[in-house]
Amino acid sequence: MRLVLAVSLDGRLAPSGGGAAQLGGSGDRRVLEEALAWSDAVLIGAGTLRAHRSSCLIRDRDLLNQRQVEGRSPQPAALVVSRDAGFPLEWPFFQQPFERHLLSAGNGAVPGFKSSFRLASSWGETLKQLVSKGWVRLALLGGAVLTHSLLAQDAVDELQLTLCPRILGGSFHWLLQSDTPLPPPLASSQAWTLIDARSLGDNELLVHYCRNRSISS
């Protein structure tokens, strides 16, 4: 699973007043779409969906052609993680051209979603279910609560972060500020290996790390 985010220099996802934020520029948009093209499905937290009311789409023709050549759907499936099943069906999300699935405490049919899955007792078990459905490469698009829960179980394999030249302040960190501790090995300087770092233009910097599983939890 790859976490894909654009964050401010002080680690915020949104301005101090909250709401949907578009922090990244065109370079960030390109690497985001590359991550979408790589993925089989994207994981989205309920709070992120409520803030944006839509999800990201691949627009680049070369990336769309690449997926077609590989025999894959034009867009990855969207997997929404939510305790509550209900969302307004008039949101743009429900008209966008991808499959929608719900991961929640229940497993009954939910309007607007092709299927729903019950979250298992651990993310390890839940991810096994998703792999069995063919969703092997997952892009995690937030939010902070969902990201924290996955990192708390050491279920994130890659971090793809675009650092944007802004300082926003406020409480909207990319990772939930929680009393629940993360696994100590994640704090090791050897836990993450840098596999890419490059300027995206407009003073934005991409950093891409891979989890070193030899530093285990």
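The values are calculated or read from the model by the stated rules, or taken from the named source; none is laboratory data. Here the structure is a predicted model, which means the values were calculated and not measured. Because the Cβ atoms are built from the backbone with ideal geometry, glycine has one as well, and the counts that use them run over all protein chains shown.
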Among the residues of the range 82-124, write down those that are touching a Ser or Thr at 6+ places or on another chain (Cβ under 6 Å) and of a type outside the set (S, T, N, Q). Ala85, Pro92, Phe93, His101, Leu102, Val110, Leu119, Ala120
Can you find even one residue in the range 58-78 that is in contact with a Lys or Arg (Cβ under 8 Å, 6 or more places away or on another chain) and in contact (Cβ under 8 Å) with a residue 40 or more places away in the chain? yes
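Conditions (1) at pLDDT 95 or above; (2) more than 30 Å from Arg30 (Cβ to Cβ), marked per residue:
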residue: Pro92; (1), (2): yes, no
residue: Pro97; (1), (2): yes, no
residue: Ser104; (1), (2): no, yes
residue: Gly108; (1), (2): no, yes
residue: Gln129; (1), (2): no, yes
residue: Leu138; (1), (2): yes, no
residue: Leu141; (1), (2): yes, no
residue: Ala144; (1), (2): no, no
residue: Leu163; (1), (2): yes, no
Which of (1) at pLDDT below 95; (2) among the polar types (S, T, N, Q); (3) in contact with a helix residue (DSSP H, G or I) (Cβ under 9 Å, 6 or more places away or on another chain); (4) farther than 20 Å from Leu5 by Cβ does Ser115 not meet, given it meets every other one? (3)
Being in contact (Cβ under 8 Å) with a residue 60 or more places away in the chain and part of a strand (DSSP E or B) is the filter; apply it to the range 200-212 and report the residue that is nearest to Arg2 (Cα to Cα). Leu206
Among the numbered conditions (1) closer than 22 Å to Ala6 by Cβ; (2) not in a strand (DSSP E or B), tell me where Ser189 comes up short. (1)
Would you mind stating whether Ala41 is in contact with a His (Cβ under 9 Å, 6 or more places away or on another chain) and closer than 21 Å to Leu150 by Cβ? yes
Qualifying position, being without any contact (Cβ under 8 Å) to a residue 60 or more places away in the chain, more than 17 Å from Asp28 (Cα to Cα) and under 20 Å from the mean Cα position of the chain (by Cα), among Ser189, Ser116: Ser116
Could you please give the count of residues in the range 121-154 that are in contact (Cβ under 8 Å) with a residue 40 or more places away in the chain, surrounded by fewer than 18 Cβ atoms within 10 Å (Cβ to Cβ) and in contact with a Phe, Trp or Tyr (Cβ under 8 Å, 6 or more places away or on another chain)? 1
All conditions in (1) without any contact (Cβ under 8 Å) to a residue 24 or more places away in the chain; (2) under 27 Å from Gly25 (Cα atoms); (3) not in a strand (DSSP E or B) are true of Ala197 except (3)
Just give me the residues in the range 54-81 being of a type in the set (Asp, Glu) and loosely packed, with under 13 Cβ neighbours inside 10 Å, in sequence order. Asp62, Glu70
Search result, residues across the range 8-56 that are more than 26 Å from Arg83 (Cα to Cα) and part of a strand (DSSP E or B): Ser8
Any idea which of (1) surrounded by fewer than 14 Cβ atoms within 10 Å (Cβ to Cβ); (2) touching a Phe, Trp or Tyr at 6+ places or on another chain (Cβ under 9 Å); (3) of a type outside the set (Gly, Ala, Ser) is the one Asp84 doesn't satisfy? (2)
Scan the range 184-217 residue by residue and report those that are of a type in the set (A, V, I, L, M, F, W, C), surrounded by 12 or more Cβ atoms within 10 Å (Cβ to Cβ) and over 12 Å from Leu159 (Cβ atoms). Leu200, Leu205, Ile215
